[in-house]
Amino acid sequence: MYDIIIVGGGPAGLTASIYALRAKKSVLLIERYAPGGQVAQTGKIENYPGFKSIDGMDLASLMFDQATSLGLETVFSDVLDYDLLGKIKKVKTYDGEFEAKTVILALGAVARQLDVENEKKFIGRGVSYCATCDGNFFKNKDVAVVGGGNTSFEDCLYLSDIVNKIYLIHRRDEFRGDRHTLEKLYKLEQEDKIEFILNSTVKALNGKDKLESIVVENKLNKTNREIVVDGLFVAIGRRPDTSLLQDRLNLDENGYIITDENMKTNIDGVYAIGDVRKKRLRQIVTACSDGALASVDIIDYIAKNF
Ligand code: NAP
């Protein structure tokens, strides 16, 4: 039996593991894909202190190496079910069932879909939710990016070195992403690398076996424009994947887990950290902070209860 099972290997989960392992707790990390979570899919990160600019994958690898060097055990598997109510917590995965005194849920969030006809049909055939994963399939092609937050900005910057032209489609005329990165996009606009299509939404995805064009509606004048593109990168935010937990944990109206200031959920010994938690700011620094706070509280909890 472990002291802590952490589900999710993004910056929140890895920081929690580093704090717990340094306090000599045994920790099992369960991760579905590769360590790093959303960070590993981000091109450049320029707001994590200590690094003026660092590749997301490199930062994720550094965090994972640090945790592994301290003795982190990792199982790469999907969670099938949780049994969290008893004093001993159980997490069932494709690779067996694991037990621990405490569980930290660092589940992150999954990409939101546009919910436009043909979107699912064209996933992997033009439609993507991860520019750093799939960008290379679109060398010298024209692509569209949908969204107005930092992910859409990062996607445009990453794709600008690969593709011929980018159409950035946003439903408003004001962006949510940070100004510093937007300035870089304005420079690309001057080079005709990027075209901003504002106050607009994607209405249709056309193509036979793969995406061939999109139809974009301007919400102000209600006109439609067909744009020929090979790729559509959807970057319209993320949602928590807490479906397995909804009967057991207190969630907000959007499915985010509600915790106290020490990251404790409504169940003793169960904590939630990072993007899956109801919070104001979802960034790497706040994810790391959540992880540290959870582990410090857990160390006390284990000392008092076991
Ligand atoms: P986000 O900040 O929530 O932005 C989502 C964008 O998608 C918004 O502009 C939103 O429009 C638009 N949108 C939402 N639903 C839509 C729909 N159905 N159709 C069309 N557009 C839609 O999400 P994000 O960009 O993924 O960022 C998530 C968090 O990660 C943020 O805190 C962000 O700062 C952070 N992040 C940071 C970095 C970095 O610092 N390097 C990189 C990536 C992400 P409205 O603006 O109109 O709501």
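The values are calculated or read from the model by the stated rules, or taken from the named source; none is laboratory data. The structure presented is a predicted model; accordingly, all values stated were derived computationally and were not measured. Heads up, the Cβs are rebuilt from the backbone with ideal geometry, glycines too, and the neighbour counts pull from every protein chain shown. Note: areas computed on protein heavy atoms with side chains; ligands, DNA, RNA excluded. Shrake-Rupley method; radii C 1.70, N 1.55, O 1.52, S 1.80 Å.
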Please name which of Ile284, Val270, Thr259 has its Cα lying farthest along the dipole of the chain towards the positive end, using unit charges on Cβ (Lys, Arg +1; Asp, Glu -1) and the Cα centre as origin. Thr259
Whole-percent carbon and sulfur contribution to the accessible surface of segment 186-274 (1.4 Å, no ligands, DNA or RNA) stands at 42 percent
Does segment 257-306 come out rounded, prolate or oblate, given a ≥ b ≥ c as the square roots of the eigenvalues of its C-alpha gyration tensor, rounded meaning a/c under 1.5 and, failing that, prolate meaning a/b above b/c? oblate
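For the pair Lys44 and Phe137, what calculated FRET efficiency results from E = 1/(1 + (r/R0)^6), where r is the Cβ-Cβ distance and R0 = 22 Å, to the nearest 0.05?
Numbers: r = 20 Å, r/R0 = 0.92.
Efficiency for this residue pair is about 0.60.
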Pairwise centroid distance, computed over Cα atoms, of segment 172-239 with segment 1-29, Å: 40 Å
So who's got an amide H within less than 5 Å of the one on Thr93, skipping anything under 5 residues away but keeping other chains? H placed 1.01 Å off N, in plane. Leu80, Phe98
To the nearest 10 square angstrom, what accessible area does Met57 show with a 1.4 Å probe? 100 Å²
Quick shape summary for the chain, equivalent ellipsoid via Cα gyration tensor, semi-axes whole Å in descending order, reads 39, 20, 17
Long-range amide H partners of Leu232 with built H, under 5 Å: Val127, Ser128, Ala144
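Just in segment 222-281: which trypsin sites (Lys or Arg not before Pro) are loop by DSSP and have at most 12 other Cβ atoms within 10 Å?
Values: sites: Lys222, Arg225, Arg238, Arg248, Lys264, Arg277, Lys278, Lys279, Arg280; in loops: Lys222, Arg248, Lys278, Lys279, Arg280.
Here the sparse-neighbourhood loop sites are Lys222, Arg280.
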Just name one of Ala60, Gly9, Tyr48: the one whose Cα is farthest towards the positive end of the charge dipole of segment 1-104 (beta-carbon charges, Lys/Arg +1, Asp/Glu -1). Tyr48
With a cut-off of 12 Å, note down the residues of segment 88-117 whose backbone N falls inside the zone around a label point 7 Å from the Cα of Phe306 toward its beta carbon. 88-90, 99-104
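Any idea what the relative contact order of the chain is, in percent, if you count C-alpha pairs under 8 Å spaced at least 6 apart? Please list the in-between numbers first.
Values: 693 pairs, mean separation 64.3, N = 306.
Relative contact order, the chain: 21 percent.
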No other cysteine beta carbon under 4.7 Å away is the test; run it over the chain and list who passes. Cys156, Cys288
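Which helices, taking whole DSSP H runs in the chain, have alpha carbons extending 27 angstrom or more along the helix axis plus mean Kyte-Doolittle at least -0.5?
Numbers: long enough: 284-305 (31 Å, 0.82).
Membrane-span-like by this rule: 284-305.
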For Leu29, distant residues with modelled amide H under 5 Å away: Ile6, Glu73, Thr74, Val75
So for the chain: antiparallel DSSP bridges make up what percent, rounded to the nearest 5? 45 percent
Enter the accessible area of His180 (Å², nearest 10), with the probe set to 1.4 Å and all protein chains included. 120 Å²
Just to make sure I understand: if all protein chains stay in place, what is the order of Asp115, Asp178 by accessible area at 1.4 Å, largest first? Asp115, Asp178
Around Arg225, under 12 Å between beta carbons, what's the net of Lys plus Arg minus Asp minus Glu among the other residues? -1
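Can you tell me how much longer the chain between Glu99 and Tyr33 gets when fully stretched, taken as 0.36 nm per residue apart minus their C-alpha distance, in nm with one decimal?
Full extension from Glu99 to Tyr33 adds 21.7 nm.
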What does the C-alpha gyration tensor say about the overall shape of segment 72-165? Classify as rounded when a/c is under 1.5, otherwise prolate if a/b is larger than b/c, or oblate. prolate
Where does each of Tyr129, Tyr186, Tyr82 land when they are ordered by accessible area, with a 1.4 Å probe and the largest first? Tyr186, Tyr129, Tyr82
Loop GluC sites (Glu not before Pro), segment 59-151 (other Cβ atoms within 10 Å of the site Cβ: 14 or fewer; DSSP): Glu117
On average, how much accessible surface per residue is there in the chain, in Å², for a 1.4 Å probe, leaving out ligands, DNA and RNA? 50 Å²
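What shape does segment 113-234 take by its C-alpha gyration tensor, where a ≥ b ≥ c are the square roots of the eigenvalues and a/c under 1.5 counts as rounded, a/b above b/c as prolate, and the rest as oblate? Don't skip to the end; give the middle numbers.
Numbers: a/c = 1.62, a/b = 1.15, b/c = 1.40.
Oblate, since a/c reaches 1.5 and b/c is not below a/b.
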Ignoring ligands and nucleic acids, Lys120 exposes an accessible area, probe 1.4 Å, in Å² to the nearest 10, of 140 Å²
